[in-house]
Amino acid sequence: MTAETVNRPRRRHTGPAWEERTGPVGQGLKGITLVVVVVLVVFPLWSIVLTSFSTQAAINEAGGLVTVPGELTIEAYRQIFTNQLVTHSLLVSLAITAVGTFISMVVTVLCAYGLSRHGTFGHRFILLFLVVTMFFSGGLIPSFLVVTALGGYGQYWTMILPAAVSVFNILVMRGFFSSTAPELLDAARVDGAGEWRILWSVVLPTSRAVLAVITLFYAVGYWNSFFNALLYLPDNGKWPLQMVMYLYTLQGASMPGTGLTNTGQYAGHQQIATLSLQMAVVTLTLIPILVVYPFVQRHFTKGMLVGAIKG
């Protein structure tokens, strides 16, 4: 080994800090951290799901949420799926999520694409106007008065239109659209494509990552929404699933059709624990997100970082 080799300085890492190579100690700390985070996330889910399948005796023995499997039963889920209120609220939530996500994505894509084309009419004013709404709003009471004045009280559309647009999502998507290679847009224009054709055939196919992420954001928002139902839907026959969970799980009210009360009574001769029924409703609200998320997760890093930094 020559003196030149010995004295050669080590090359410094120029990439992001999280991509820098670490030694055995660093790798070990990373592994321990990931294990702790996974346990903190999985353990509550495990306890909720296990409690939903547990009998009153197992819950009494555990003193609350069950963490170790004991006597199991599916009676809570049988009661849920035979309860008209819960099954109807599940269909309402699915419909609101599907329709609301579609409307929100259409509006967000069109607005973000228009704002990403510099020099368009009113570009700066509209962008400034949207950003201002992120920090200032009319408040709850004016919003309620506007919605009721438009005849929305007791109507399903109050679960969709008041929250149809997120300025944050528009800005993220605008940043991603702005990063589209100008050469692709120029080539499309030379071929005679108009703005609609460019959006549909050039911009959207190259923006699948941000589209997947924003779609998930909107879908999760609609699926978890209950506050608008609390304000505008007095009829429990129109409630989404999250509203049912809020009232009968968090507030401890009795669920019609089950015979259960918040004092722990049983439905007929079937020993169904109130806590088991409540955790079954919670589990039912978690399933759609847990099923969809793995298919979108791989787009998160590219969709959020590129959309937030570029443009």
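What follows is calculated from the coordinates using simple rules that are stated; it is not laboratory data. Just so it is clear, the structure is predicted and the values come from calculations on it, not from any experiment. Neighbour counts are summed over all protein chains in view; Cβ atoms, including those assigned to glycine, are modelled from backbone coordinates with ideal geometry.
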- Added length on full extension, which subtracts the Cα-Cα distance from 0.36 nm per residue, L230 to A57: 58.8 nm
- Can you check what the Kirkwood hydrodynamic radius comes to for the range 142-189, Cα pairs only, in Å to one decimal? 13.8
- For the range 41-100, the fraction of alpha-carbon pairs in successive 5 Å shells from zero, as %: 4, 18, 19, 15, 16, 15, 8, 4, 1
- Item | Zone of R117's modelled label, taken as backbone nitrogen in the range 172-188 under 16 Å from a point 7 Å along Cα→Cβ | 174-175, 177-188
- Query: Cα centroid distance between the range 80-99 and the range 210-235, in Å?
  - Reply: 14
- Query: Taking amide hydrogens as modeled 1.01 Å from N in the peptide plane, which residues meet the under 5 Å criterion relative to S54, leaving out close sequence neighbours?
  - Reply: T73
- PRE zone check, label point 7 Å out along Cα-to-Cβ of V132, amide N under 17 Å, scope the range 154-174, hits 167-168
- Item | Space enclosed by the convex hull of the alpha-carbon atoms of the range 94-140, per residue, Å³ | 91
- Item | Using a Förster distance of 45 Å, the FRET efficiency for E195-F81 (Cβ separation, nearest 0.05) | 0.40
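Using the beta-carbon distance between Y153 and T206 and R0 = 35 Å, what value does 1/(1 + (r/R0)^6) give for FRET efficiency, to the nearest 0.05?
Once the sixth-power term is evaluated, E becomes 0.20.
More than 22 Å apart: what percent of Cα pairs in the range 52-201 qualify? Display every interim value, and only then the final one.
Details: 7234 of 11175 pairs.
Across the range 52-201, Cα pairs with separations above 22 Å total 65 percent.
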- Note on the structure: Scoring only Lys, Arg, Asp and Glu (+1, +1, -1, -1) among other residues with Cβ under 13 Å from the Cβ of L127 yields +3
